[in-house]
Amino acid sequence: MQGRPNAPRSRRRIWLAAAALLLAALPGAWALEAPSGKVVLTISGPLRSPNDGKGQASFDMAMLAALPQHSFTTKTPWYQGPRKFTGPLLRDVLAAAGVDTSQQGRKLEARAINDYKVTIPLDDAQRHEVLLARLMDDRPMAVRDKGPLFIIYPFDKDEQLRNTVYYGRSAWQLKALAVQ
């Protein structure tokens, strides 16, 4: 019964996340709920669902956890052996923020806590099951473990992803995405 007191709030967040995904395609029809906890990710650029008064979409960890969650296990160059990663698909996070992913040639600039920057074709989020991982091996990732957020590709699912181009796009300690 420990989780019971928060059950209505959790259901509300899940419902709001699902509604955001469904309504994100309708310009002006949905405003993303403002985060109630510490902001862990901001998305800037042309958005239909800004929620912070600055034209950006800000997410706390609970908002990201309320989106549909996906998991896969994959080997990476950064860890010994395969690791399980869990989180929302990058495309679902972008949809919740109201990013129009239909325009060809758009890019994302991913920025990490240490100001590492990498450019990712927006098309990657549509073509691959790219995760915005918030859990590794079913546990939240600390900053020292490349967390709290990590863009991760399903390297074991597609041999073509196992190269320096996609490894370089896997930004850990992610804090911001800028749609260009």
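Annotations
- Long-range neighbours under 9 Å by Cβ, at least six apart or interchain, first residue free of Cβ contacts under 8 Å to residues at least 12 places away in the same chain within region 51-62, second part of a strand (DSSP E or B) and of a type outside the set (Ser, Thr, Tyr): GLY55/LEU47
- Scan of region 127-147 for residues that are within 13 Å of the chain's Cα centre (by Cα) and among the hydrophobic types (A, V, I, L, M, F, W, C), ordered by number: VAL130, LEU131, LEU132, ALA133, LEU135
- Residues that are surrounded by 12 or more Cβ atoms within 10 Å (Cβ to Cβ), closer than 22 Å to HIS128 by Cβ and at pLDDT below 95 occur in region 25-37; there is at least one.
- Residue count, region 122-180 (criterion: assigned to a helix (DSSP H, G or I), hydrophobic (A, V, I, L, M, F, W, C), surrounded by fewer than 19 Cβ atoms within 10 Å (Cβ to Cβ) and in contact (Cβ under 8 Å) with a residue 12 or more places away in the chain): 1
- Restricting region 69-103 to residues that are hydroxyl-bearing (Ser, Thr, Tyr) and not in a strand (DSSP E or B) leaves a set whose member that is surrounded by the fewest Cβ atoms within 10 Å (Cβ to Cβ) is SER102.
- Selection of region 107-121 for residues being assigned to a loop (DSSP other than H, G, I, E, B) and either among the hydrophobic types (A, V, I, L, M, F, W, C) or surrounded by 18 or more Cβ atoms within 10 Å (Cβ to Cβ) (or both) yields only ILE113.
- Some residue of region 98-114 being at pLDDT below 95, touching a strand residue (DSSP E or B) at 6+ places or on another chain (Cβ under 7 Å) and of a type in the set (A, V, I, L, M, F, W, C): yes
- The single condition from (1) crowded, with 18+ Cβ neighbours inside 10 Å; (2) in contact (Cβ under 8 Å) with a residue 60 or more places away in the chain; (3) within 18 Å of GLY147 (Cβ to Cβ) that LEU47 fails is (3).
- Any hit, region 133-148, residues being farther than 19 Å from ALA62 by Cβ and in contact with a Pro (Cβ under 8 Å, 6 or more places away or on another chain): no
- Of all residues in region 72-87, those that are without any contact (Cβ under 8 Å) to a residue 40 or more places away in the chain and of a type in the set (Gly, Ala, Ser) total 1.
- Among the conditions (1) in contact with a Phe, Trp or Tyr (Cβ under 8 Å, 6 or more places away or on another chain); (2) over 15 Å from VAL40 (Cα atoms); (3) not basic (Lys, Arg), the only one that ASP145 does not satisfy is (1).
The values are calculated or read from the model by the stated rules, or taken from the named source; none is laboratory data. These numbers were taken from a predicted model, which means no experiment stands behind them. Every residue, glycine as well, gets a Cβ built from its backbone with ideal geometry; the counts of neighbours run over all protein chains shown.
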